[in-house]
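Okay, so here's the structure we're looking at.
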Amino acid sequence: MLTLNTRIAQADSVFSQLILPYELRENSRLRTTLASGEEIAIFTERGTVLRNNDLLASEDGRVVQIVAAQEPTYRITCRTPRDLLRCAFHLGNRHTQTQVGDGFLRILQDSVLKEMIEGLGATVTEESAQFEPESGAYSGGGHHHGDGHDHSHDHDHSHSHGHGPLAPIPVRQRIHRPSDKPSGQGS
């Protein structure tokens, strides 16, 4: 069985591609099969999310390219940036994994979320697309393309894209709410 456990930045050649939906790209331990029928095992650092075009190498030097599968998603658009921001807020409030694109949001299809978003005035379009949600403030803020279009042109990634936290986040962060009583007062 081929074991892939090292993420690499580039390769001279690719042994095979592995098409995976987002749900499986979140797993740091995965046993699956290549299109050729060869069984493989993926062992990555806990918390690793494999992104479209990531390269994984085996100890014998074979490289497998990860390809994000086409999945049933909703593309969310709004008349104004404020309305789109409201939708993003409500999706985030429900801890919904969301891809942020240029003028749109993308989520995996869910009829309850669709109804909520449409209730906020958004246009929700069913589509089959590669799903690349934001990695989140608590993750490593790794590099990914979540801009909603396929591209192969060269561009500089040395500038900040706004991914990842703006400041260090404490491991145990307490969220304070207006209804919280100051310490020392009884409930």
Can you give the extra length, in nm with one decimal, that the chain gains between R31 and E127 once fully stretched, where that is 0.36 nm per residue apart less the Cα-Cα distance? 31.7 nm
What is the extension gain from K114 to H90, computed as 0.36 nm multiplied by their sequence separation minus the C-alpha to C-alpha distance, in nm to one decimal? 7.5 nm
Taking a crude spin-label model, label points 7 Å out from Cα along the C-beta direction, the Q17 to D60 distance in nm is 2.3
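Would you mind putting 35-45, 18-28, 87-97 in packing order, based on average other-beta-carbon counts within 10 Å, highest first?
Ranking, from highest mean packing down: 18-28, 87-97, 35-45.
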Sequence-distant residues sharing a close amide H with A129 (under 5 Å, placed H): E71, T73
Quick check: pseudo-label points 7 Å beyond the Cα along Cα→Cβ at Q10 and Q70, how many nm apart are they? 3.1
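FYI, it's all coordinate maths here, none of it is from the lab. What you see is a predicted model; the values in this text were computed from it and never measured. Neighbour counts run over all protein chains shown; Cβ positions are idealised from the backbone, glycine included.
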